[in-house]
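Okay, so here's the structure we're looking at.
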Amino acid sequence: VDSYSIWTIDWSTTNKLAFVDFSGDTGAVPIRVMNSDGTGMVTVDTGYSPSWSPDGKTLAYSNYSGDIILTADLGVTKKNLTNNRHYNAKPSWSPDGKKIVYTANFGPSPAPIPSIVCIDVATKVTKTLASAGFFATWLR
C-alpha cells in the first residue's frame, strides 16, 4: 500500500491503524487494519469511514449497503448497527464508547437531505441531532 492510496485513517488506542485502501482497481474499496509498525495487515471488509471505539477494541464503518457495521474481531463477526434504505456514513464514537454519531440518508438521489443522527450502541435507539448536516465527530 502506498501513501497515495490511503484514505480515512483512524488510529486505535491499542496502536492499530484502520484505513480505506484505494490501491486496487477492483471497484470495491477494502478497509484494512494493521499494526502501527506496518505489520499484520488484514482486510476487514469493503466500505468507508473506519472509526475505532475509545477502548480500541471495536471498529465501526460504513459498508456498501449503506449501513454502519461494528466488528470487534477484524471482520470475522459483523454486527449491523443500522438497517434502513438510505446510506449512512462517517461513524464517530462518543468518548465513553456508548454512542455513535453518523450522517444519515447520505447518498445518491433521490435520498433525502442528510442529517446527523446519534445511536445508542447497546439499544440502537436513535436521535436526530441536526436535520441538515454532514460528517459530525465527537471531540475527544
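Between Lys90, Lys124, Lys79, the distinction of being under 20 Å from Leu17 (Cα atoms), open to solvent by 70 Å² or more (accessible area, probe 1.4 Å), out of contact with any Gly (no Cβ under 9 Å at 6 or more places or on another chain) and among the charged types (D, E, K, R) belongs to Lys90 only.
Of the strands (runs of 3 or more DSSP E) entirely within the range 6-68, those holding at least 2 residues that are among the β-branched types (Val, Ile, Thr) and open to solvent by less than 40 Å² (accessible area, probe 1.4 Å) occupy 30-35.
The values are calculated or read from the model by the stated rules, or taken from the named source; none is laboratory data. In this text, all values refer to a predicted model and were calculated from it rather than measured experimentally. Methodologically, a virtual Cβ is constructed for each residue, glycine included, from the backbone with ideal geometry; neighbour enumeration extends over all protein chains shown. Note: areas computed on protein heavy atoms with side chains; ligands, DNA, RNA excluded. Shrake-Rupley method; radii C 1.70, N 1.55, O 1.52, S 1.80 Å.
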